[in-house]
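The values are calculated or read from the model by the stated rules, or taken from the named source; none is laboratory data. Since the structure is predicted, the reported quantities are computational estimates derived from the model, not experimental observations. Here Cβ is always computed from backbone atoms with ideal geometry, including for glycine, and neighbour counts include all displayed protein chains. Note: accessible area is taken over every heavy atom of the protein model, side chains too, but ligands, DNA and RNA are not part of it. Shrake-Rupley method; radii C 1.70, N 1.55, O 1.52, S 1.80 Å.
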There are 2 protein chains.
Amino acid sequence: MLTERQQQLLEFLKEYHTNNGLMPSTREIQEFFGFASQTAAVSHLRALEKKGVIQKVPGKARALVFPEQLDREEIIDVPIYGQIAAGMASETEQSNEGCLSIDIASLGVPRSAKTFALKVRGDSMIDAHIMSGDCVILELKEPRRGDIVAALIDGETTLKRYVINDGMPYLQAENELYPDLVPVRELVIQGVMVALLRRGEGMVA
Amino acid sequence: MLTERQQQLLEFLKEYHTNNGLMPSTREIQEFFGFASQTAAVSHLRALEKKGVIQKVPGKARALVFPEQLDREEIIDVPIYGQIAAGMASETEQSNEGCLSIDIASLGVPRSAKTFALKVRGDSMIDAHIMSGDCVILELKEPRRGDIVAALIDGETTLKRYVINDGMPYLQAENELYPDLVPVRELVIQGVMVALLRRGEGMVA
DNA sequence: AATTGTTGTTGTCTTTCAGTAAGCATATGA
DNA sequence: TCATATGCTTACTGAAAGACAACAACAATT
């Protein structure tokens, strides 16, 4: 549908946008492609708009938008703090190992929610269908009974189910091989699981 | 850290950006807040930049960026076509039920990959820890043995493991209660699973 | 043979827009 | 008390940037 030249232009727009967070002006496009005239860029943009791959807002500077960006939900950036059951001494230690960017609608959390992510290590939650290597997204909020939580228990963080029995909260593994973590000295809930992201093709049983 | 007025300004910037896909000019900010001067907007922006919540590119029009947007990976929009094992007559029938926007690094697919998503219905893949209600992300590519695939088999689409035995490909459920889908009349692979998104807090066992 | 789309050119015009100077009142912390 | 941050005002400048007119060569259709 797009010609080769138009494809090149679109690619430049995308690259410029991801690098700079804004759109190039027509003269910047002109310069990049070595046009002698600014009008060349303009007419190319017109062609791209006609084919629907960009939208222009007339009269405004750098006012090009990708249509898909417009009807996209708001994106939030969930920091990945590290691995669970493998450290994470305290909440403040943010060993920021990258970010997970996803739209709020798919995550299903309010816009104001404080969220973070942890990579799961171990199979203590396998019966809740949480595998080793999965990335769990947690929200900072009060847990309700039955929630899966990341908890700091006696110095170490684990992912377990939060259960209340006779008014006594404790942690339950979802694997018969693991014992419940009954009455504890200290129990600090660090986050409540709200979503899970599994990645990778080599999903061998 | 931010004053109330600065918070209002930031909120306006975000709202304007999500609505229009670009940043407001200083004069548009002025107009929105009813300032008599454009300089008021400028100095507010300067304050916001000093506090690190926005970045300005000097000399360029509408050149405000949110820092988190800059070090963000590229976002791709994965269309959700519908439910699996519940229809989807053909590949072209895109009953677009929203979109899942996520950064490519977290998805783990190349930028050029053709992807789509399906909501899982049923528990035939429960032993591969794919639950009913999960959202599987699939890529349009050739399956390799052991991959989990969405396949059109005799008119209906299902999510199964792709197995080759004696040069004969067939589909295997990951649940003892379900039979293998052995030699078939037609076997069209619609996508290979590359990721999975589980959502919702009520993750009761 | 005629029309439309692509890919350009030279020029010109006008608006948008960022940036600065200079000033003023009110808070807030050192 | 003095400096600094906040939250504005009026007035001006000049570059940045969009838009248009007119033209031209070369496809690809119709």
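Structure values in brief
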read-out: All positions within region A:64-82 that are farther than 19 Å from B:GLU68 by Cα and surrounded by 18 or more Cβ atoms within 10 Å (Cβ to Cβ); value: A:LEU64, A:GLY82
read-out: Tally, over region A:36-50, of residues that are loosely packed, with under 13 Cβ neighbours inside 10 Å and away from DNA strand D (no atom under 12 Å from the Cβ); value: 1
read-out: Top-ranked residue in region B:1-25 [being open to solvent by 40 Å² or more (accessible area, probe 1.4 Å) and within 14 Å of chain A (Cβ to nearest Cβ); ranked as nearest to DNA strand D (Cβ to nearest atom)]; value: B:GLN7
read-out: Candidates A:VAL192, A:VAL120, A:VAL136, filtered to the one that is closer than 30 Å to B:ILE104 by Cβ and touching a Pro at 6+ places or on another chain (Cβ under 7 Å); value: A:VAL192
read-out: Residues of region B:23-39 satisfying the condition of being more than 9 Å from DNA strand C (Cβ to nearest atom) and in contact with a Phe, Trp or Tyr (Cβ under 9 Å, 6 or more places away or on another chain); value: B:PHE32, B:PHE33
read-out: Members of region A:26-47 found to be among the aromatic types (Phe, Trp, Tyr) and either within 17 Å of A:THR3 (Cβ to Cβ) or at the interface with chain B (Cβ under 10 Å from one of its Cβ atoms) (or both), listed by number; value: A:PHE33, A:PHE35
read-out: Residue list for region A:124-163, filter: open to solvent by less than 20 Å² (accessible area, probe 1.4 Å) and touching a His at 6+ places or on another chain (Cβ under 8 Å); value: A:ILE130
read-out: Cross-chain or 6+ apart pairs with Cβ under 9 Å, region B:158-182 first and more than 16 Å from B:ILE130 (Cα to Cα) and at pLDDT 90 or above, then aliphatic (A, V, I, L, M) and in a strand (DSSP E or B); value: B:VAL163/B:LEU171
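Yes or no, residue by residue, for (1) without any contact (Cβ under 8 Å) to a residue 12 or more places away in the chain; (2) among the aliphatic types (A, V, I, L, M); (3) assigned to a strand (DSSP E or B):
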position: A:GLN7; (1), (2), (3): yes, no, no
position: A:PRO24; (1), (2), (3): no, no, no
position: A:ARG27; (1), (2), (3): no, no, no
position: A:VAL42; (1), (2), (3): no, yes, no
position: A:GLU49; (1), (2), (3): yes, no, no
position: A:ARG62; (1), (2), (3): no, no, no
position: A:ASN96; (1), (2), (3): no, no, no
position: A:ALA105; (1), (2), (3): no, yes, no
